[in-house]
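Below is one structure, written out as structure tokens; the observations come after it.
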Amino acid sequence: LCVPAVPVLFKQALENTDTEEGKSVSLRCELTKADAAVVWKKGEATLQASAKYEMKQKGTVAELVIHNAEPEDA
């Protein structure tokens, strides 16, 4: 018996967030499945964890923290 995997959907999608230049900003989304693999992208580029980008995930909530925000991060 082959049971198709249930797709992971957004329960709560990302919302536009404003911040001041040089500050940190946090972007969060909630998924329908806990600990689903999340890939953060800016355009076509996949973001990697670094001093600038911090990725967190707990249960169904995925979060991207952008440190030292700049206009180019829009």
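The values are calculated or read from the model by the stated rules, or taken from the named source; none is laboratory data. From a predicted model like this one, the values you see are computed outputs, not experimental measurements. Here Cβ is always computed from backbone atoms with ideal geometry, including for glycine, and neighbour counts include all displayed protein chains. What goes into the accessible areas is simple: the full protein's heavy atoms, side chains included, and nothing from ligands, DNA or RNA. Shrake-Rupley method; radii C 1.70, N 1.55, O 1.52, S 1.80 Å.
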Heavy-atom surface of region 1-73, accessible at 1.4 Å and reported per residue (Å²): 78
- prompt: For the chain, what % of the accessible area comes from carbon and sulfur atoms, probe 1.4 Å?
  reply: 53
statement: In cubic angstrom per residue, the convex hull of the chain built on its Cα atoms measures 105
Residue (of 26, 40, 53) at the positive-pole extreme of the chain, dipole from beta-carbon charges: 40
message: Compute, for the chain, the length of the dipole vector about the Cα centre, with Cβ point charges of +1 (Lys, Arg) and -1 (Asp, Glu) only. Units Debye, rounded to 20.
response: 440
message: Taking R0 as 22 Å, what FRET efficiency do you get between residue 72 and residue 36 from their Cβ-Cβ distance, rounded to the nearest 0.05?
response: 0.15
Gaussian network model of the chain, Cα within-10 Å springs - most flexible of 39, 25, 61: 39
message: With a cap of 12 neighbouring Cβ atoms within 10 Å, and only residues DSSP puts in a loop, list the GluC sites (Glu not before Pro) found in the chain.
response: 15, 20, 21, 44
statement: The ³J(HN,Hα) series, computed from each phi in region 59-71 with the Karplus coefficients 6.51, -1.76 and 1.60 at θ = phi - 60°, rounded to the nearest Hz and given as x for glycine or proline, is x, 8, 9, 10, 9, 10, 10, 9, 8, 6, 4, 10, x
